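The values are calculated or read from the model by the stated rules, or taken from the named source; none is laboratory data. Keep in mind that this is a model prediction, so the values were computed, not measured. Virtual Cβ from ideal backbone geometry, glycine too; neighbours counted across all protein chains shown.
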Amino acid sequence: MKLQFYKYQGTGNDFVILDNRDGAISLSTAQIKLACDRRFGIGADGLMLLEKAAGYDFKMVYYNSDGNESTMCGNGGRCLVKFAYHKNVFKDMATFIAIDGPHEAYVADNGWVHLKMIDVKNVEKGDGYFFMNTGSPHHVKFVKEVSEYPVYNEGKSIRYSDKYVSNKGTNVNFAEVQQDTSLFVRTYERGVEDETYSCGTGVTAAAIAALNIGLKSPVQIKTLGGNLSVAFEERNGVFENVYLNGPAEFVFSGEIDLS
C-alpha cells in the first residue's frame, strides 16, 4: 500500500499527515506505528488524517506514535490547519472538528497558526502541582533549573503513578519562569512515552497554571523546539477564548509503502 504523505512540524513536534478526504485510507495500529518510526518509517511524534465532516471545513483524526488514536494535540492541530491552508481547504478562518470538539483557527500574516482550544474547567491545585484537561490531560509542576531537569524519569514516574494510571495516564509538564517572564516548558508525552520538543496542549496547561505564580495572558512560551504564546480569558474559574499560537511548517513530502 503506497501512500502520499506530508510531514509538518510545529516547534519541533513533528507529524505525518495523510489526506483522507476521500475516505480511502484505513490504517492498522502497526502501520501507524511504522510510519512514525524514526528508523524504519518516516519518523514523527504522531500521525494525522485530514478528513471531511459535515458542517466543518475538515475533521482532524490524530494518532500518537504508538499507533493508538489519542486525545487532542495542539501542535498537531496547528500543523493540520497549515496543511489544510496549503491545500486550499479554507481561506480565512478554519472551522474543524477534533476528538475534543469543534475548533477555530487562522493563519496570521507572519505564518503563525492561531488555534482556539477548548474552554478549560476544573483546574485541580494539588500539593506542588496543577492538573487540568486542555483537550488532553496535563499534570503541571513548576521546578528550578528546568533545562537540567530529569524530565524523562520524573515524567514517566508521574505518568504511571497510582493517581493517573487507572485513567490511561497523563502528560507531564515541567515549567520554570525565565528572567524575561516567559515560561520554559518541557513535556513528557504519553503515547510517545518520551520527552518531545514541544507539546501544544501542555504549554497551554502550563500557561494557565502560571496565573497562580503571577503571570498574565498572553503568556510567552519557550520549548526545546521554539517559541509559542498562549492567550486566554478567565471568568469565575473557567478559562475561555484560549488560543495556542505559534509556527507550523511544511518539512517534506513523499510516498511510503505500508503494506
Q.
As an exercise: evaluate ILE208 against (1) more than 21 Å from ASP119 (Cα to Cα); (2) crowded, with 24+ Cβ neighbours inside 10 Å and give the number of the one condition it does not meet.
A. (1)
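What number of residues within region 75-88 are in a loop (DSSP other than H, G, I, E, B) and either at negative phi or touching a Gly at 6+ places or on another chain (Cβ under 8 Å) (or both)?
Quick first cut of region 75-88, residues in a loop (DSSP other than H, G, I, E, B) only: 87-88.
Filter again for either at negative phi or touching a Gly at 6+ places or on another chain (Cβ under 8 Å) (or both), leaving 87.
Matching residues across region 75-88 total 1.
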Q) Which of the residues belonging to region 223-259 are surrounded by 14 or more Cβ atoms within 10 Å (Cβ to Cβ) and of a type in the set (S, T, N, Q)? A) THR223, ASN227, SER229, ASN245
Q) Regarding HIS138, is this residue touching a residue at least 60 places away in the same chain (Cβ under 8 Å) and not assigned by TED's automatic domain parsing to the domain that holds GLY191? A) no
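Using the structure shown, decide if SER229 is of a type in the set (Gly, Ala, Ser), within 21 Å of ASN110 (Cβ to Cβ), in contact with a strand residue (DSSP E or B) (Cβ under 7 Å, 6 or more places away or on another chain) and part of a strand (DSSP E or B).
It is true that SER229 is of a type in the set (Gly, Ala, Ser), within 21 Å of ASN110 (Cβ to Cβ), in contact with a strand residue (DSSP E or B) (Cβ under 7 Å, 6 or more places away or on another chain) and part of a strand (DSSP E or B).
Only one of GLY126, GLY214, GLY169, GLY135 is surrounded by 15 or more Cβ atoms within 10 Å (Cβ to Cβ), more than 20 Å from ASN245 (Cα to Cα) and of a type in the set (Gly, Ala, Ser); which? I'd like the intermediate steps shown before the answer.
Details: GLY126 fails: surrounded by 15 or more Cβ atoms within 10 Å (Cβ to Cβ); GLY214 fails: surrounded by 15 or more Cβ atoms within 10 Å (Cβ to Cβ); GLY135 fails: more than 20 Å from ASN245 (Cα to Cα).
Among GLY126, GLY214, GLY169, GLY135, only GLY169 is surrounded by 15 or more Cβ atoms within 10 Å (Cβ to Cβ), more than 20 Å from ASN245 (Cα to Cα) and of a type in the set (Gly, Ala, Ser).
Quick check, is TYR149 among the aromatic types (Phe, Trp, Tyr), more than 13 Å from MET72 (Cα to Cα), within 13 Å of the chain's Cα centre (by Cα) and at pLDDT 95 or above?
Working: among the aromatic types (Phe, Trp, Tyr): yes; more than 13 Å from MET72 (Cα to Cα): yes; within 13 Å of the chain's Cα centre (by Cα): no; at pLDDT 95 or above: yes.
In short, no.
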Q. Which of the following residues is buried (at least 20 other Cβ atoms within 10 Å of the Cβ), touching a strand residue (DSSP E or B) at 6+ places or on another chain (Cβ under 9 Å) and outside the structural domain of GLY225 (by TED's automatic domain parsing): GLY46, GLY41?
A. GLY46
Q. Being at pLDDT 95 or above, assigned to a helix (DSSP H, G or I) and buried (at least 23 other Cβ atoms within 10 Å of the Cβ), is that true of even one residue in region 57-74?
A. yes
